1. Can you tell me which of (1) in contact with a helix residue (DSSP H, G or I) (Cβ under 9 Å, 6 or more places away or on another chain); (2) more than 9 Å from the ligand (Cβ to nearest atom) is the one Phe5 doesn't meet?
2. Given the criterion surrounded by fewer than 16 Cβ atoms within 10 Å (Cβ to Cβ), of a type in the set (D, E, K, R) and either within 15 Å of the chain's Cα centre (by Cα) or within 24 Å of Arg42 (Cβ to Cβ) (or both), identify the matching residue among Arg68, Arg94, Arg63, Arg138.
3. Taking the criterion of being surrounded by fewer than 16 Cβ atoms within 10 Å (Cβ to Cβ) and part of a strand (DSSP E or B), would at least one residue in the range 71-84 satisfy it?
4. So, in the range 175-190, of the ones that are touching a Phe, Trp or Tyr at 6+ places or on another chain (Cβ under 9 Å) and in contact (Cβ under 8 Å) with a residue 60 or more places away in the chain, which residue ends up farthest from Ala221 (Cα to Cα)?
5. Hydrophobic (A, V, I, L, M, F, W, C) and farther than 30 Å from Leu139 by Cα, is that true of Val259?
6. Kindly list, by first and then second residue, each pair from a residue in the range 13-37 that is of a type in the set (Val, Ile, Thr) to a residue that is open to solvent by 50 Å² or more (accessible area, probe 1.4 Å) and within 11 Å of the ligand (Cβ to nearest atom), limited to pairs with Cβ atoms under 7 Å and residues at least 6 apart or on different chains.
7. Within the range 11-24, is there a residue that is away from the ligand (no atom under 15 Å from the Cβ), closer than 24 Å to Gly202 by Cβ and polar (S, T, N, Q)?
8. Exactly one condition in (1) within 17 Å of Val122 (Cα to Cα); (2) assigned to a helix (DSSP H, G or I); (3) modelled with pLDDT under 95; (4) open to solvent by 20 Å² or more (accessible area, probe 1.4 Å) is not met by Val35; state its number.
Amino acid sequence: MSDPFADVDASSPDLIGIIATALEVRAADPDMLPVIDAYLDRLDPPDGSLIVDIGCGTGGVTRRIADRFGQALVIGVEPSIALTDKARALAGDRANLEFRVGDGAALDLADDSADIAILHTVLSHVADPAPLVAEAARLLRPSGTLVVCDADFSKAALGLGPGDPLGACAQAFVAGSVTDAWLAGKLKPLARAAGLAVDHFGTANRVVTDGMGNLVWVRMASARLVDEGVIGQSLADALEAEYLRRAEAGTLYGFLPFVTMIATKPVG
Ligand SMILES: C[S@@+](CC[C@H](N)C(=O)[O-])C[C@H]1O[C@@H](n2cnc3c(N)ncnc32)[C@H](O)[C@@H]1O
């Protein structure tokens, strides 16, 4: 089963649309913003800084970074041409924000050129995270900061009890749309292997009890299962309807821990 986030442009136009919508919904989700703001609060980029958001998707988080740090140039790098096009279309007139197409393992940026590098929910979607962390370390200036924020998908839950079909959707989403659900426990060793010093490692739970924040789990799980001939479109429609019913009734319970690691490139 291949994770569609590992090569977004290889997906069908419908699935790319689902992914783009889901990234925008999540980046603006009131349940997600405190997780993002908690690490932005820990950063203090000086005037003229360069911040690189690696694997920026449609740029929802990147726009928030650019708005928060107007004194910095923020570059979002994303391998998907479709998502980069979307990110550029949504960038508005922000003068300190640009988007480039690129692979996080081979960035077209000079050594020691960036003050801050951010990997927001990227590493859980790549087969080998080590080259991306090493590349981030390469482009950071000495005493520059790496932020990795990622989900601990091994603990993702959407069910209200045993056998709940929405619980199965969460499991099916993780099985089909996440490359390493157990990444969280590997982050500290990854940073150290890249020569970085870990300054902070913390967790925050995203709990979704209403709204569309976890609809992507149902949509992506259903789309894959329909595509594989496991279920029919009528069941996919019913699962989405059940999510919407619970959102309306206020009976949703989606749970996902996020891990944030902040690490520094040593001087000398
Ligand atoms: C779950 S999305 C997160 C997007 C964005 N950071 C956000 O939080 O809205 C994962 C992103 O990682 C990107 N990605 C996958 N492989 C990558 C690689 N080798 N280098 C950089 N980004 C990559 C995908 O294209 C996708 O946009």
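1. For Phe5, the exception is condition (2).
2. Arg94
3. In the first step, residues of the range 71-84 are kept if they are surrounded by fewer than 16 Cβ atoms within 10 Å (Cβ to Cβ); the result is 71, 81.
Imposing the further condition that a residue be part of a strand (DSSP E or B) reduces the set to none.
No, every residue in the range 71-84 fails to be surrounded by fewer than 16 Cβ atoms within 10 Å (Cβ to Cβ) and part of a strand (DSSP E or B).
4. Ranking the qualifying residues of the range 175-190, first place goes to Lys188.
5. Considered against the rule, which asks whether it is hydrophobic (A, V, I, L, M, F, W, C) and farther than 30 Å from Leu139 by Cα, Val259 comes out as no.
6. Between residues of the range 13-37 that are of a type in the set (Val, Ile, Thr) and residues that are open to solvent by 50 Å² or more (accessible area, probe 1.4 Å) and within 11 Å of the ligand (Cβ to nearest atom), the close pairs are Ile36/Arg64.
7. Step one: of the range 11-24, the residues away from the ligand (no atom under 15 Å from the Cβ) are 12-14.
Remaining after also requiring closer than 24 Å to Gly202 by Cβ: none.
Checking the range 11-24: not a single residue is away from the ligand (no atom under 15 Å from the Cβ), closer than 24 Å to Gly202 by Cβ and polar (S, T, N, Q).
8. Going through (1) within 17 Å of Val122 (Cα to Cα); (2) assigned to a helix (DSSP H, G or I); (3) modelled with pLDDT under 95; (4) open to solvent by 20 Å² or more (accessible area, probe 1.4 Å) one by one, Val35 breaks only (4).
The values are calculated or read from the model by the stated rules, or taken from the named source; none is laboratory data. It should be emphasised that the depicted structure is a prediction, and the values quoted were computed from it without experimental measurement. Cβ atoms come from the backbone with ideal geometry, glycine included; neighbour counts cover every protein chain shown. Ligands, DNA and RNA are excluded from the accessible area calculation, which covers all protein heavy atoms including side chains. Shrake-Rupley method; radii C 1.70, N 1.55, O 1.52, S 1.80 Å.
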